[in-house]
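Participant: Attaching a single structure in structure tokens format; questions to follow.
The values are calculated or read from the model by the stated rules, or taken from the named source; none is laboratory data. Please read all numbers here as calculations on a predicted model, not as lab measurements. With ideal geometry, Cβ positions are generated from the backbone for all residues, glycine too; neighbour counts draw on all protein chains shown. For the accessible areas, the whole protein counts, side chains as well, though only heavy atoms, and no ligand, DNA or RNA atoms are used. Shrake-Rupley method; radii C 1.70, N 1.55, O 1.52, S 1.80 Å.
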Amino acid sequence: MHLGARRDRFSLRDLFAEAAHGIGAKPGRLVLTILGTVLGIGSVVVTVGLAQTAAGQISAQFDAVSATQALVQPGTTGSSWSGNARPKTSLPWDAPERVLRLNGVEGAGMLGTVDIKDAAVTAVPVNDPSAPKVVSPSVVAASGGLLDAVRGEVVTGRFFDDRHSERADRVVVLGQRAADQLGLSRVESQPSIFIGDDSYTVVGIVDAMQRRPDLLDSVILPLGTARADFGLTSAEEMHLRIATGSGPLISQQVPIALDPNTPENFEVKAPAQASELRQAVQADINAIFLALGGVALLVGGLGIANVTLLSVMERRGEIGLRRALGASKKNIAGQFVVESVVIGMLGGLIGAAIGVFVVVGVSILKDWTAILDVRMALGAAAMGGVIGLVAGLYPAMKASAIEPITALRGGI
């Protein structure tokens, strides 16, 4: 019976009761102590939540183009480093029609470089040997579906279609910068440019070209016109606008559609199922914001440790009296650890709640889609308890090391 009474002298219930009394003894100090943890945990939730949300918005902007684009090119033989690489085959002239039959392909257009030899591209047919030479815009050939495939926009006029190509009409479309270079801004009067001595009617001016911005500096001919006037033998590449998520399927089906016998002669560059860009952006932003959140947590933990240590020093008389009445070092240490853990958990819960509200509020103001992992928010609340535990260990050890006689001499 004596041993049982001794074991029951200071139960777990007594431990929590003493800890609760110690925590509530000074409400003002409790609020200030919790505030440090609230700021730390809230900072982590806000920074991680806004990092995930911002990464989602940034990568969505990139994915709007990259995740819906694919490029088809003939495979090459030999080494591209030595300059001896040669295409294994060529894109068939009806390649866009073939791939548009595939599920997931929403637009297709071919593109090839036109060799105009030494001919100059000018806006007026003036041959003045004394005039200084200027750099002519590059000349490329395209199929009628290229504008849609590379997400271009018509500034004025129109883009030529496949009928122009079939008839080999001498019409061109100018990129915005090429039009500025040639001094053209409107096409209502059907202006012409000259490639060498041949006149070509400008039917449109285009801008944007998100997939191929270099085309803004180019003169664009129909494929049929380039074949008839400049001997174009084949297109070099085909751009595809595809449905989101169809990249892996397109990579398999397009080569077969172009050449069922030797599909390995074609290379398809399509986005993977998961956006590597999104993962890279999110990882970089998370690393930065987590570092900031870690600093905030460190400040909160030091605040708990400092206040708990100060509480130990102020309660030396109480500690000495309890030790003199039979409380063990373990009992004293346990009380201060429990106080720190409870303070940390309170701060963690409040901080996590405030952080979630801040992330949602900022997302609403910015018209973003809030991205916040619920497990992270719950884990942040629990992290407050862990911080309290770590922060309270040293003060608890200091409290348990106080000898009764020394504490009582200091007064109760």
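Participant: Are any of the residues in the stretch 364-377 modelled with pLDDT of 80 or more, open to solvent by less than 70 Å² (accessible area, probe 1.4 Å), assigned to a helix (DSSP H, G or I) and closer than 17 Å to Val45 by Cα?
Facilitator: No - not one qualifying residue is present in the stretch 364-377.
Participant: Might you let me know whether the stretch 380-388 holds any residue that is loosely packed, with under 15 Cβ neighbours inside 10 Å, of a type outside the set (S, T, N, Q) and more than 30 Å from Gln57 (Cα to Cα)?
Facilitator: Among the residues of the stretch 380-388, not one is loosely packed, with under 15 Cβ neighbours inside 10 Å, of a type outside the set (S, T, N, Q) and more than 30 Å from Gln57 (Cα to Cα), which makes the answer no.
Participant: Look at Ala54 and say whether it is surrounded by fewer than 22 Cβ atoms within 10 Å (Cβ to Cβ) and either modelled with pLDDT of 75 or more or closer than 30 Å to Pro255 by Cβ (or both). Let's see the steps before the verdict.
Facilitator: Numbers: surrounded by fewer than 22 Cβ atoms within 10 Å (Cβ to Cβ): yes; either modelled with pLDDT of 75 or more or closer than 30 Å to Pro255 by Cβ (or both): no.
In short, no.
Participant: Can you name the number of the only condition in (1) open to solvent by 60 Å² or more (accessible area, probe 1.4 Å); (2) in a loop (DSSP other than H, G, I, E, B); (3) touching a residue at least 60 places away in the same chain (Cβ under 8 Å); (4) farther than 25 Å from Glu106 by Cα that Ala228 fails?
Facilitator: (2)
Participant: Next up: When only residues in the stretch 126-183 that are polar (S, T, N, Q) and either out of contact with any Asp or Glu (no Cβ under 6 Å at 6 or more places or on another chain) or at pLDDT below 90 (or both) count, which is surrounded by the most Cβ atoms within 10 Å (Cβ to Cβ)?
Facilitator: Once the filter is applied, the top-ranked residue is Ser143.
Participant: Which condition number in (1) surrounded by 16 or more Cβ atoms within 10 Å (Cβ to Cβ); (2) modelled with pLDDT under 80; (3) outside any loop (DSSP other than H, G, I, E, B) is the one that Leu321 fails?
Facilitator: Every condition holds for Leu321 apart from (1).
Participant: Is at least one residue of the stretch 324-333 modelled with pLDDT of 75 or more and within 19 Å of Val386 (Cβ to Cβ)?
Facilitator: Yes - at least one qualifying residue is present in the stretch 324-333.
Participant: Is the stretch 193-200 home to any residue that is open to solvent by less than 20 Å² (accessible area, probe 1.4 Å) and among the polar types (S, T, N, Q)?
Facilitator: Start the filter on the stretch 193-200 by keeping residues that are open to solvent by less than 20 Å² (accessible area, probe 1.4 Å), which leaves 193, 195, 200.
Subset that is among the polar types (S, T, N, Q): none.
No - not one qualifying residue is present in the stretch 193-200.
Participant: Just to check your reading of the model, which residue among Val48, Val31 is closer than 30 Å to Gly355 by Cβ, out of contact with any Asp or Glu (no Cβ under 9 Å at 6 or more places or on another chain) and at pLDDT 75 or above? Before you say what the answer is, go through the steps one by one.
Facilitator: Values: Val48 fails: out of contact with any Asp or Glu (no Cβ under 9 Å at 6 or more places or on another chain).
Only one candidate passes the filter, namely Val31.
Participant: Any idea which of (1) open to solvent by less than 40 Å² (accessible area, probe 1.4 Å); (2) at pLDDT below 75 is the one Gly109 doesn't satisfy?
Facilitator: (2)
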